[in-house]
1. Being surrounded by fewer than 18 Cβ atoms within 10 Å (Cβ to Cβ) and of a type in the set (Val, Ile, Thr): is that true of residue 50 here?
2. Within the set of pairs 6 or more residues apart or between chains, which connect a residue that is under 13 Å from residue 206 (Cβ atoms) inside region 176-195 to a residue that is loosely packed, with under 14 Cβ neighbours inside 10 Å with Cβ atoms less than 9 Å apart?
3. Check 10, 44, 32 and return the single one that is surrounded by fewer than 14 Cβ atoms within 10 Å (Cβ to Cβ) and either over 22 Å from residue 209 (Cα atoms) or touching a Gly at 6+ places or on another chain (Cβ under 8 Å) (or both).
4. Suppose we keep only residues that are over 21 Å from residue 71 (Cβ atoms) and crowded, with 17+ Cβ neighbours inside 10 Å within region 190-229. Which one would you say is farthest from the chain's Cα centre (by Cα)?
5. Which residues, counting only those in region 150-188, are part of a helix (DSSP H, G or I), among the aliphatic types (A, V, I, L, M) and over 28 Å from residue 122 (Cβ atoms)?
6. Inside region 33-128, counting only strands (runs of 3 or more DSSP E) that do not spill past its ends, which hold 3 or more residues that are more than 23 Å from residue 12 (Cβ to Cβ)?
7. Would you confirm, using the coordinates I've provided, whether residue 94 is farther than 26 Å from residue 177 by Cα, surrounded by 15 or more Cβ atoms within 10 Å (Cβ to Cβ) and within 31 Å of the chain's Cα centre (by Cα)?
Amino acid sequence: MLRCYHILNEKIQACPREDAQIFIYVSPDETEKKFLTSELKLDEHTLNSTLDPDELSRLEFEPEHIAMIYKRPRNYIVEDRFLFRVTSMGIFFFSDKIILVSNEDLPMFDDKKFAKVVSLKDVMLKMLYRSIYHFLEHLKIIDMITNELEEKINLSMQNKYLISLFSLEKSLVYYLNAITSNSILLQRLKNNAGKIGFIQEEEELLDDIMIENSQCYRQAEIFSNILSSMADARASIVSNNLNVLMKTLNIITIGIMVPTLVVSAFSMNVRIPLQQAPNAFWLVLGIAFVSVVVFYVFWRLKKW
């Protein structure tokens, strides 16, 4: 699917294909891929890499354009079950146009950062900026989910809450790897700023993006460390709660067995003491009751 835009009055607006400067290909089909590789001379391997969620960020200089792959969070769906994944997106920068290739259909220019766009290089940099804020938005959501799971784990011993916690921890590992990969890309852009043709304002924007990416990494790292420690602590708490429950059940079982033993002893079909006594039934019940009291006192003294 193809969507076309151009820059008009410092804003990005939809337009017909013949007037477009920005081309967004969402999950391009074979016909669109053939057009991109044959007509626009995009490298086929690089084009396919933009649709590979496991591809690392990188920057390549081609004869007629600059090819860039960067990481961004994948849109979360309920079927993911608290597992936040990352995916790749491609930017192919020409002198007169820019091509964006994505495997997901999502709003590209809805962020306030695109309220003022002056050039195609500005679009390229702000797409990277938008990706960082997308990571930050997901980190906030992960933090909120973690707090909710923490409350549920405190009240329940079900494994599903711990499994959800482990999924979030795994998600943060994906995010840390993706943010690190993006940081390498940003550093390469910084090193080749003159070759790309960044002006002073664009270099300053790139510096801001690198700072934001570094802060995003630190925040994800902090969340990951907290979540890892909390997951280990919660697993220990659940295990301890289970041990306490088993101990209580064993004590209750022993408490029931004591009077049962007394009654069973006087229920055998052999000659036993008191079998001729007229109040034998009440004596047996009394002994059973006393055994329960003795066990209870012993239990309290031992502070079980």
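1. Numbers: surrounded by fewer than 18 Cβ atoms within 10 Å (Cβ to Cβ): no; of a type in the set (Val, Ile, Thr): yes.
Considered against the rule, which asks whether it is surrounded by fewer than 18 Cβ atoms within 10 Å (Cβ to Cβ) and of a type in the set (Val, Ile, Thr), residue 50 comes out as no.
2. So the pair list comes out as 190/207; 192/61.
3. 44
4. If we take residues in region 190-229 being over 21 Å from residue 71 (Cβ atoms) and crowded, with 17+ Cβ neighbours inside 10 Å, then 198 is farthest from the chain's Cα centre (by Cα).
5. Once the filter is applied, which keeps residues that are part of a helix (DSSP H, G or I), among the aliphatic types (A, V, I, L, M) and over 28 Å from residue 122 (Cβ atoms), region 150-188 yields 153, 155, 162, 163, 165, 168, 172, 173, 176.
6. On the way: elements: 58-61, 66-73, 86-93, 98-102.
Passing ranges, in order: 58-61.
7. no
Yes/no per residue for (1) in contact with a strand residue (DSSP E or B) (Cβ under 7 Å, 6 or more places away or on another chain); (2) at pLDDT 70 or above; (3) not assigned by TED's automatic domain parsing to the domain that holds residue 142:
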position: 221; (1), (2), (3): no, yes, no
position: 224; (1), (2), (3): no, yes, no
position: 252; (1), (2), (3): no, yes, yes
position: 267; (1), (2), (3): no, no, yes
position: 274; (1), (2), (3): no, no, yes
position: 278; (1), (2), (3): no, yes, yes
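The values are calculated or read from the model by the stated rules, or taken from the named source; none is laboratory data. For clarity, every value in this text was computed on a predicted model and none was experimentally measured. For neighbour counting, all protein chains shown are included, and Cβ atoms are generated from backbone atoms with ideal geometry for every residue, glycine included.
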